[in-house]
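Worksheet: the structure to be examined is printed underneath.
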Amino acid sequence: MKTMRLLVTAGDPAGIGPEVVLKTIAAVSRPRTPSEKKVREHFEKDGLSVAVLGSRGVFSACPAGVWEGIRWDGEGIRGTEGPRWSLVEVAGGSAPLGAVSREAGGHALAILERSIQILKAGGADGVCTAPVCKESIDLVKPGFIGHTEFYGEALGAPEISMAFTSPFFNLVLMTTHLGVARVSGALTPRVIERALRHGALLQDLHGDGKPLAVMGFNPHAGEGGLFGGEDAVIAAVAEKLRAEGRSIEGPLAADSAFVSVAKGKYATVVACYHDQGLIPLKMLAKGSSVNVTLGLPVVRTSVDHGTGFDIAGKGVAEHGSMVEAILAAVRLFGAGARP
């Protein structure tokens with residue numbers, strides 16, 4: 001397997017991102033779960049290298065218990081029994097914990113912009129992101145709506161999809177951070193086809209042999225046009241891909257189709273909008289899913305949770321999703337995917 005050079009961002013300094021990163025480093029140093037052990041193996045057997053983007057001051061301010069088993073090592077962080085994670089220092093980060101602020105947004109944005117510089121210069125093969133607060137970043141970069149759109153624009157990749165992998169099912173969204181009232185108008189044949197092709201890519205990567213399930217937009221997948229015409233457009237695009245030999249079922253009535261997903265009939269799903277897909281995914285995956293941006297020239301994964309302002313600075317954040325996000329990045333890179 002080719003050695004991967006991965007960036008890990010610290011996220012919003014007012015949230016749990018820095019703590020989650022430190023807990024991940026500690027967990028890989030002394031792995032207990034199968035996923036933590038796999039990440040350690042990638043360091044030791046495959047030469048995985050990780051550069052963390054953030055502020056030494058912000059990391060140092062994390063609760064003392066979070067630092068148990070790890071320490072500063074020159075310009076990086078090392079576990080007592082594990083590999084060294086280098087630090088790319090991004091200045092700033094002083095901001096009130098658990099609150100929206102211009103200071104926090106500016107630092108989080110600076111970290112993202114630094115990751116873009118490194119990726120464009122060929123200094124890394126992918127990036128794994130900790131959560132940011134969109135409201136804080138919007139104070140310094142009006143119009144910011146999320147990592148997915150930010151990386152797509154910055155890396156010159158307009159045909160991107162927000163996707164998720166999990167032990168239960170994989171998900172691709174036709175639309176992402178978009179108000180529900182605008183979803184119908186956004187479901188153009190081009191958008192639908194891009195999402196279906198990205199869903200097919202996840203099918204190929206996982207090799208599950210199950211058909212791709214495409215959700216309908218309206219109740220009962222439109223009931224033959226009684227509830228709207230969007231589902232006829234989805235059906236036409238699905239038929240185009242079926243004619244190419246793709247195994248696709250749908251558009252399906254989402255309320256019953258997700259029952260079949262939970263029973264294992266489908267392993268990859270394409271949903272029309274954010275909550276249609278993410279509510280069932282998060283109910284089933286319970287923190288084990290990973291956000292993936294498909295369509296970029298590099299691999300990009302992320303945790304499936306937010307900034308956790310209510311628990312920031314308390315030392316109680318869970319790090320499991322970050323471990324899974326790193327594993328997913330390595331797996332996509334190893335599969336030769338430039339999704």
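The values are calculated or read from the model by the stated rules, or taken from the named source; none is laboratory data. A quick note: this is a predicted structure, and the numbers were derived from the prediction, not measured. Every residue, glycine among them, receives a Cβ derived from its backbone with ideal geometry; neighbour counts consider all protein chains shown.
Structure data summary
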read-out: Hits in the range 235-251 - residues which are under 18 Å from HIS220 (Cα atoms) and either touching a residue at least 60 places away in the same chain (Cβ under 8 Å) or touching a strand residue (DSSP E or B) at 6+ places or on another chain (Cβ under 6 Å) (or both); value: ALA235, ALA238, ILE248, GLU249, GLY250, PRO251
read-out: Residue, farthest from the chain's Cα centre (by Cα), within the range 169-187, restricted to residues that are in contact (Cβ under 8 Å) with a residue 24 or more places away in the chain and part of a loop (DSSP other than H, G, I, E, B); value: LEU187
read-out: Residue in the range 3-15 that is assigned to a helix (DSSP H, G or I) and in contact with a strand residue (DSSP E or B) (Cβ under 9 Å, 6 or more places away or on another chain) present; value: no
read-out: Hits in the range 208-229 - residues which are touching a residue at least 12 places away in the same chain (Cβ under 8 Å) and surrounded by fewer than 22 Cβ atoms within 10 Å (Cβ to Cβ); value: ASP208, LYS210, PRO211, ASN218, PRO219, HIS220, GLY222, GLY228
read-out: Residues of the range 277-304 that turn out to be under 29 Å from ALA99 (Cβ atoms), modelled with pLDDT of 90 or more and either aromatic (Phe, Trp, Tyr) or part of a loop (DSSP other than H, G, I, E, B) (or both), as a count; value: 1
read-out: Count - residues of the range 282-325 that are over 15 Å from PHE164 (Cβ atoms) and either in contact with a Leu (Cβ under 7 Å, 6 or more places away or on another chain) or in the same structural domain as LEU205 (by TED's automatic domain parsing) (or both); value: 5
read-out: Criterion: of a type in the set (Gly, Ala, Ser) and either surrounded by fewer than 24 Cβ atoms within 10 Å (Cβ to Cβ) or in contact with a Phe, Trp or Tyr (Cβ under 8 Å, 6 or more places away or on another chain) (or both) - qualifying residue of GLY11, GLY57; value: GLY57
read-out: Residues (in a loop (DSSP other than H, G, I, E, B), touching a helix residue (DSSP H, G or I) at 6+ places or on another chain (Cβ under 6 Å) and on the phi < 0 side of the Ramachandran plot) located in the range 306-322; value: ALA317, HIS319
read-out: Members of the range 252-269 that are in contact (Cβ under 8 Å) with a residue 60 or more places away in the chain and part of a strand (DSSP E or B); value: THR268, VAL269
